[in-house]
1. Based on the alpha-carbon set only, what is the convex hull volume of the chain divided per residue, in Å³?
2. Would you mind getting me the FRET efficiency between Arg21 and Leu81? Use the beta-carbon distance for r and R0 = 35 Å, nearest 0.05.
3. Would you mind computing, in nm to one decimal, how far apart the modelled labels at Leu53 and Ser68 are, each placed 7 Å from Cα along Cα→Cβ?
4. Compute the FRET efficiency between Ala124 and Ser91 as 1/(1 + (r/R0)^6), taking r as their Cβ-Cβ distance and R0 = 22 Å, and round to the nearest 0.05.
5. Taking just the alpha-carbon atoms of segment 2-53, what radius of gyration and Dmax come out, in angstrom?
6. If we count other beta carbons within 10 Å of each Cβ, what is the order of Val69, Val119, fewest first?
Amino acid sequence: MIGSPDAPASKRFFTEGIGFRVSDEVPAIGASFMRCSTDHHNLLVQPGPVSFLHHTAWEMDDVDAVDSVGAGDAFCAAFALALAEGRPPASAVRFASAAGAISATRPGAAASLPFRAEVEALLARGA
C-alpha cells in the first residue's frame, strides 16, 4: 500500500514506467489496485497527505519462506539502491523482489538481509 500526494502520477509511474496493470479502482477515494501477476493485487496506490509505504506483498518462485519479518525492508532497501544505481524501474523491482525473497528464507529482521552477491546469484539462476 502506497500513499501519495499525487496518486494519479504514482499510478502512471507504476503502469507506464514499470508495467503494472490496474486490476480494480475505488473512484470515490481515487485509489487503484494494481498487479504484476495474475493471482493477486500486488499494490494499492491511494491519495494521502504525505508519501508513505505501508506494506508490500510480492510473489517469488523457488523460495521456501520461513519468516517474512524483514522481507519488506529488504525489498525497499534493494529497490532504492537499484534505482540510485540507475537501473530501470522494472529491473529495480526484480532486484528488490529477489532481495525480499532471500530475506524470507531466514529468521529475523536485520539478520535476514541478504548481501548483494546473494541477490545477484539468485537472479543469475533465473528466479
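1. Hull volume over Cα atoms, normalised by residue count, gives 111 Å³.
2. Step by step, r from the Cβ atoms, then E = 0.85.
3. Rounded to a tenth, the inter-label distance reads 1.6 nm.
4. The computed FRET efficiency comes out at 0.95.
5. Cα only, segment 2-53: 10.2, 31 Å (Rg, Dmax).
6. Starting with the residue having the fewest Cβ neighbours, the order is Val69, Val119.
Quick note: the coordinates plus some simple rules give every number you see, no bench work behind them. A quick note: this is a predicted structure, and the numbers were derived from the prediction, not measured. In this analysis, Cβ positions are derived from the backbone assuming ideal geometry, glycine residues included, and neighbour counts consider all displayed protein chains.
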